[in-house]
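Heads up, the thing below is written out as structure tokens.
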Amino acid sequence: MNCSAPIDPAVLADYWLAALTEAEQESVEQHLFTCDDCGARLRETVAMAEGIRNIAQDGTLLMVVSDAFLKRAAEQGVRIREYCPPNGGSVECTVRAEDDLLVGRLESDLRGAKRIDLRICDPGGVERFRLPDIPFDPSAGSIAFQQSITYSKAAPSETIVARLVSMDDSGGERLLGEYTFHHRRTLPGPGAW
Ligand SMILES: [Zn+2]
């Protein structure tokens, strides 16, 4: 490794996800232009992220995404389908062939929360999986997550219930919001109804 100032791995990942500001992106690009070490590390990062993307196809991997990431993705022409069910309510949703990102936005008052978990449940309230300790901006008033687009395009019609819960130090849970997504399949193919 000959690089004297290697780019931070998290910055490389954000660079690939297009989540950097324009100024940050320019400085990374300038560095990559002359640094083979960091170029190789970027390729490793991409390979790892592609691996994660493959895992995401089973639908068990959801990611919380920042508004900055979504804004930048939209600016770069990424087609985003976003649903924002009311807190305590539901929304009819689907995904189309041309969509690149499927995003659910969960509105809630996040002020005062120390740790927030996102629980994904079936309509009977049984938890399918949980994202513990998700990143959030206490003043934002909402949390956005992306569902695996590959999974969604292949998924049958189904209903999922997202729950935001705030965790206190003793492990107690407080419900911040509950949101029901009635996903209806509109693409033909395996699993279609
Ligand atoms: Zn370097």
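Assorted remarks:
- Qualifying positions in the stretch 83-103 - of a type in the set (Gly, Ala, Ser) and at pLDDT below 95: ALA97
- Per the listing ALA10, ALA73, ALA19, the residue uniquely among the small types (Gly, Ala, Ser), within 16 Å of the ligand (Cβ to nearest atom) and either at pLDDT below 85 or closer than 28 Å to ASP133 by Cα (or both) is ALA10.
- Applying the condition of being touching a Leu at 6+ places or on another chain (Cβ under 9 Å) and of a type in the set (Ser, Thr, Tyr) to the stretch 82-140 and asking which residue is surrounded by the fewest Cβ atoms within 10 Å (Cβ to Cβ) yields SER139.
The values are calculated or read from the model by the stated rules, or taken from the named source; none is laboratory data. Small disclaimer: the values here were computed from a predicted structure and weren't measured. Reconstructed Cβ throughout: ideal geometry from the backbone, glycine too, with neighbour counts over all protein chains shown.
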